[in-house]
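Nothing in this text is a laboratory measurement; each read-out follows from the coordinates by a stated rule. Please read all numbers here as calculations on a predicted model, not as lab measurements. A quick note on method: Cβ atoms are made from the backbone with ideal geometry, for glycine too, and the neighbour counts reach across all protein chains shown.
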Amino acid sequence: MTSSKKSSIAAALLIALGAGLGYGAAHWRSASMASQPSEASGAADATKGAAAERKALYWYDPMVPQQKFDKPGKSPFMDMQLVPKYADDAPAGGVAVDPRVAQTLGMRTATVERQRIGASFQVPATVQLNERDVAILQARTAGFVQRVARLAPGDVIAAGTLIAELLVPEWAGAQQEFLAVRRSGDEALTAAARQRLVLLGMPAGLIQQVERSGQVQALTTVHAPTGGLLQELMVRPGMTVSQGMSLARITGLSTVWLEAALPEAQAVAARVGQPVEVLLSAYPGETLRGKITSILPEANAETRTLRVRAELPNPLGRLRAGMFAQMRLGGSAEEALVVPAESVIRTGQRAVVYVVEQPGRFTPVPVRLGRELGDKLEVLEGLQPGQQVVASGQFLIDSEASMQGVMQRQASPAALAASAAAPSASASTGSALEAVGKIVELSAQGVTLDHSAVPALKWPAMQMGFRLARPDLAKGMKVGDTVRFSFRESQDGYEVVTLQREPQGGAR
C-alpha cells in the first residue's frame with residue numbers, strides 16, 4: 001500500500017471520530033437541559049409537601065402570646081397580623097436554643113421536687129458573759145482606802161471575797177452618839193439612833209458588831225456580794241472615796257450567753273423560750289443545751305442577720321467569753337417545693353426560672369420564692385413538682401430571650417392588651433361582659449373557651465383562657481359543653497364571674 005493511500009484512510013478515521021464525539025456531546029447537553037426542569041419541579045414539590053406537612057396549631061399575637069386564635073387574621077390588640085404557631089416552634093412566649101449549642105456550653109437541668117425541710121439547722125455563734133448577772137460595789141459614804149486585797153481585773157473570785165478596807169470618820173461620830181443614847185436606857189431614843197446608822201449606809205453586820213462590843217468601829221470592809229469575774233477594780237491604797245463612787249464590777253459565771261447571727265430568711269424559725277443545742281469547737285463531740293432568752297429587735301445592716309441570744313448553764317466555768325460555737329435550732333419538719341438556687345435569675349423586680357418544654361425549647365416562668373435552704377430555694381408559686389428547669393447555662397437562654405423580646409412580652413401582657421383596647425374598652429372596665437363559647441380546657445382555677453366575638457372589646461371569635469372568680473363556677477361542667485358566660489377584667493387578667501350551660505342547639 002502506498003503512503004498516499006494510508007494518509008487518506010487516517011484522515012477518514014479522524015473525521016468519523018470527531019463526528020461521533022460531537023453527536024455524543026450534543027445528546028448529553030439536551031438530556032441535561034431536559035432534566036433541569038424536572039429536578040426544579042421535584043424540589044418545588046418537596047417544599048410544598050413539607051409546608052403542607054408543617055400544619056399550624058393556632059395563631060397568636062406575639063405581644064399577647066397567651067391568647068390563641070383558630071385562624072389567621074389581624075390581631076384585635078395590635079395593628080399587626082397574627083403569627084402561626086407550629087408544633088416544632090418554641091412555645092408561645094418562650095425561646096428556642098440549638099441543642100448542640102446547649103450541649104457545648106454544658107447546660108444542665110434539674111427537677112422541681114418536694115423536700116422535707118425544717119427539722120433543724122445550724123448558725124454560727126459566740127460565747128459571751130451574762131450581762132444580767134452583774135454586781136457593782138459602791139462606797140456608801142465618803143472615806144479613805146486603808147487596804148486593798150491583792151486582786152486584779154480578770155481574776156475569778158468567790159462570793160464574800162475581801163475587796164478593800166475603808167476608814168469612815170462620819171460613821172465613827174454616829175456610832176459614838178448611838179452608844180451614848182443606848183447607855184441612857186431610853187429605848188425610843190436608842191431605836192432612833194440605830195435607824196440613823198442605817199440611813200447613813202452602815203451595813204447591818206457592822207451595827208450589830210458595835211452593839212455587841214460597845215466600841216466604835218471606824219474601819220469597815222467591802223466584800224464581794226457574788227462570785228464571778230472581777231472585770232473592774234477602781235480602788236488603790238491611800239485613795240479618797242466619795243459617796244456613790246464605784247469600787248469594783250463583778251460579773252457572774254454560773255450562766256453565759258450564746259449570741260448567734262440568724263439570717264433574715266430563717267428568722268421565723270426562732271422564738272423566745274425555744275430549746276437549742278450547742279456544739280463548741282473546744283469540746284468536740286459534746287452537745288450542750290440551753291434556751292433562747294431574747295431575739296434582739298435590730299438586724300445587722302451589712303450582713304442582714306438577726307442577733308439571737310440563748311442562755312447556757314456553766315456550772316464548771318468551762319465556757320469562756322469569746323469561744324466559737326454552732327447553735328442548732330430545731331423546727332417542725334414540713335415539705336416544701338424546692339429548686340437549685342443557681343436556677344433562679346433575679347431581675348430586681350421578680351425572680352424567673354426557665355422551664356424545659358422539650359429539648360431546645362424553654363419558657364421563662366416568674367416564681368415567688370420562700371426560704372433559703374442551703375443551696376436550694378423554696379418556691380411558693382409558679383412551678384409544679386416534676387418540671388425540669390435549667391440549672392446551669394440559663395444566662396445564655398436569658399440573653400436569647402432578651403434579644404427576642406420574650407421577657408418584655410411576658411412582663412405585662414394584660415397591660416399591653418388593655419392599652420391596645422383602651423379606646424373601646426374604657427367604658428366597660430370593671431363591668432361584666434357576656435359571650436357564648438365552648439369549653440376546651442377546664443380546671444378548678446381556670447377555663448379555656450372557644451368563644452364568640454365580643455363587640456364591646458372589638459374581639460373576634462377566638463380561643464383564650466380565663467380565670468374563674470370562684471372554683472364552684474365550674475361545678476357540673478365538662479369539656480365540650482356550650483356555655484354562656486360573663487367576664488370582667490381584673491388585676492390578673494380576665495376572669496369569669498358567671499358560667500351557665502347552654503341548652504342543646506344554642507347559638508354561638
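Let's test the formula: R0 of 51 Å, r as the Cβ-Cβ distance of ALA158 and GLN115. What FRET efficiency results, to the nearest 0.05?
0.45
I'd like to compare 343-352, 253-262, 278-287: which one has the highest average count of other Cβ atoms within 10 Å, and what's the full order after that?
Packing proxy ranking, top to bottom: 253-262, 343-352, 278-287.
Find the centroid of the Cα atoms in region 264-301 and in region 177-226, then give the distance between the two in whole Å.
Value for the Cα centre distance between the two parts: 50 Å.
Ranked from highest to lowest mean number of other Cβ atoms within 10 Å per residue, what is the order of the peptides 196-205, 241-250?
241-250, 196-205
What is the local net charge at MET202, summed over the other residues whose Cβ is closer than 11 Å to its Cβ (Lys, Arg +1; Asp, Glu -1)?
Here the charged neighbours net out to +2.
Give the average over all directions of the projected area of the C-alpha convex hull of region 202-260, one decimal, in nm².
6.3 nm²
May I ask you to order 363-371, 68-76, 213-221 by the average number of other C-beta atoms within 10 Å around their residues, highest value first?
Going by the mean number of other Cβ atoms within 10 Å, highest first, we get 363-371, 68-76, 213-221.
Going down the list LYS376/LYS475; LYS85/LYS458; LYS74/LYS475; LYS376/LYS478; LYS68/LYS475, which pairs span over 31 Å between their C-alpha atoms?
LYS376/LYS475; LYS74/LYS475; LYS376/LYS478
Kirkwood Rh over Cα pairs of region 427-508 into Stokes-Einstein at 25 °C, 0.890 mPa s: D in µm²/s?
Translational diffusion coefficient: 194 µm²/s.
Before anything else, pin down the relative contact order of region 427-508: Cα pairs under 8 Å, at least 6 apart, normalised by residue count, whole percent.
Relative contact order comes out at 32 percent.
Rounded, prolate or oblate: which fits region 104-205 when a ≥ b ≥ c are the square roots of the eigenvalues of the alpha-carbon gyration tensor, with rounded for a/c under 1.5 and prolate only if a/b beats b/c?
prolate
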